[in-house]
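Computed from the coordinates by the stated procedures, all read-outs in this text should not be read as laboratory data. Nothing here was measured: the structure is a model prediction, and the numbers come from that model. All Cβ positions, glycine included, derive from the backbone under ideal geometry; neighbour counts span all protein chains shown.
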Amino acid sequence: MTMYIGIDIGGTSIKCGLVDAHGHISRKVTRPTATAKVDIMADLVAMIQGLQADGQVAGIGVSMPGVVQSDGFLTTAGAVTAFEKINLQAELHAQTQLPVIIENDANAAAIAEQWLGVAQNVPNYLSLVLGTGVGGALVINNQIYRGAHARSGEFGWMVVDDDEIDTEMGTLNFRGATVIGLIRRYNQFSAMPVTDAREIFDRADAGEVLAQHVFRSYYYSLAKGIINLMVAFDPELVVIGGGISANTTFMTDLNATIADLQANHNSINHLTLASVVPAKLRNDAGMIGAVYQLIKRG
């Protein structure tokens, strides 16, 4: 069976998996993301070589943050700053002699969900990934819409709240992301800071007023952004990814907030808007989506 290597490069870890033509991952390895470019490249090559020992590999699909050009040049690289302004596709090919494709992580996740996840047979949909920031992808007629500068889907840059001093502080990244949104805002006011959103859920469930207040504000900011995207693009479905989307309370409360905002908007309160659902493939989506792009290329 033809096998591929899927790689998901993040700011804190690199996941590497052996993936077949049906999207099944038979083996995975993980390493922390190093700081220096030379160290990250060395880790990537070592992980690839380790998986190659399991059998013949037809190519490598890489998912990572940032603005990725069609030739694999990284205009930006998100939290993986060492890879900014390099052609990762060319460099990885030179070191492995394998076909390589590089895809933005949010785009890769959206592609994977349409192939094997909740967006199968849905030609027009939006994907949002909630993590350190808010990434996203827009699928129109079964194709990722990339935009004039390959920057489509940077939903985290959308302004959803006022901030007279710094416009960026009012963006969806700083209002609707899990880390620099929810966790950062909670820690600004708490004497007992947290590192995981689940801790805030637990404190809210236990009746802590601060946690409940931060969540209400968080839901409304995120819901505003989602409704803005709904009325702009009229998708059939909105898929929410990121670790927080696995929490059923989060999805229930987010949908309730969206419904509340819609009910109070006289121009859209009678319209049918897209369903908002959690992603299915979760942490494997980036690897699977990048490999699918490689398979399609042939």
Protection proxy ranking of 273-281, 226-234, 108-116 - average other beta-carbon atoms within 10 Å, highest first: 108-116, 273-281, 226-234
On Cα atoms only, tilt of 285-297 relative to the major axis of the chain in degrees: 50
CD proxy at 222 nm, helix term only [per DSSP H run n ≥ 4: -39500 (n - 2.57); per residue of the chain; nearest 500]: -11500 deg cm²/dmol
With Cα atoms, 0 to 90° folded angle of helix 248-263 axis to the chain main axis: 50
Tilt relative to the chain, helix 37-52 - C-alpha long axis, 0 to 90 degrees, to 10: 70
Set of aspartates and glutamates near Lys28 by C-alpha distance (under 18 Å), chain-local residues within fewer than 8 positions excluded: Asp8, Asp20, Asp43, Asp54, Asp105, Asp284
Size of electric dipole in the chain: Cβ of Lys, Arg +1 and of Asp, Glu -1, about Cα centre, debye, nearest 20: 540
Environment charge of Ile40, counting only residues whose C-beta is closer than 15 Å and scoring Lys/Arg +1, Asp/Glu -1: -1
Label assignment, Cα extents along the principal axes in Å derived from the structure, set (1) 53, 44, 38; (2) 73, 45, 30; (3) 56, 44, 35: (3)
DSSP bridge orientation in the chain - percent antiparallel, rounded to nearest 5: 55
Residues of type aspartates and glutamates that Lys37 reaches as a straight line, Cα spacing below 15 Å, ignoring anything fewer than 8 places off in the same chain: Glu84, Glu91
